[in-house]
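Just so it is clear, none of the values below were taken in a lab; they were calculated from the coordinates. Note that the structure is a prediction, hence the values are computed from the model and not measured. Positions of Cβ are backbone-derived with ideal geometry, glycine not excepted, and every protein chain shown enters the neighbour counts.
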Amino acid sequence: MGVKIVKRNRVGTIQKKILLLLLGGLALGFSRSPRGQLRIIRAMRDEWRVIDRHALYQAMRRLYQSQLVEERHNDDGSLTMILSAEGKWRALTFTAEDIEIAKPKVWDKKWRVVVFDIPERRRGLRDIFRARLRHMMFYELQKSVFVHPYPCQDQIDFLVELYGARQYVRIIVAESLDNALHLKTHFKLS
């Protein structure tokens, strides 16, 4: 009986930034709002300015060798770098690591309850989803029930789509919970 060893390529800081910038280009294509497009372009421009050119070319070469990006040769002789399927997944994963829930100036006095029932055969998905909720400062009521006081539908939708977990996850907006006093203390709400 043999052991299969899966080698994962380590992605450095500049490579991570390149993947995220390429993902930004993809997001730009999907954005219908001119204001959203402008915000994406400004963020991408600012990131490109701070990258050392020599390090950039080395990082791009390593990304190509690791098959996270693909080259496309254009008719005019130029070269286009695009994210491979694995590169898109990695870039989205980096994005998931940075997700935060904004605290509004005034709490709307509603609780966001995320409930999931991910089967045992998908334990890895269940564990990573639970870890992401904890990272976003959700309170764990039970192993598969998490609570947060602030709007987070977009963040949860992003995670659900990223991990292909739509059928397992539900979001409930509740006006009251029986342990609201404890939750208010936990989240430092008045």
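Tell me which strands (runs of 3 or more DSSP E) are completely within segment 138-190 and hold 1 or more residues being closer than 18 Å to Trp107 by Cα and β-branched (Val, Ile, Thr), or say none if there are none.
Ranges flagged: 145-148, 169-174.
Residue-by-condition table, conditions (1) touching a residue at least 40 places away in the same chain (Cβ under 8 Å); (2) closer than 13 Å to Arg170 by Cα:
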{"position": "Phe116", "(1), (2)": "yes, yes"}
{"position": "Glu120", "(1), (2)": "no, no"}
{"position": "Gly124", "(1), (2)": "no, no"}
{"position": "Asp127", "(1), (2)": "no, no"}
{"position": "Leu133", "(1), (2)": "no, no"}
{"position": "Phe138", "(1), (2)": "no, no"}
{"position": "Leu141", "(1), (2)": "no, no"}
{"position": "Val145", "(1), (2)": "no, yes"}
{"position": "His148", "(1), (2)": "yes, no"}
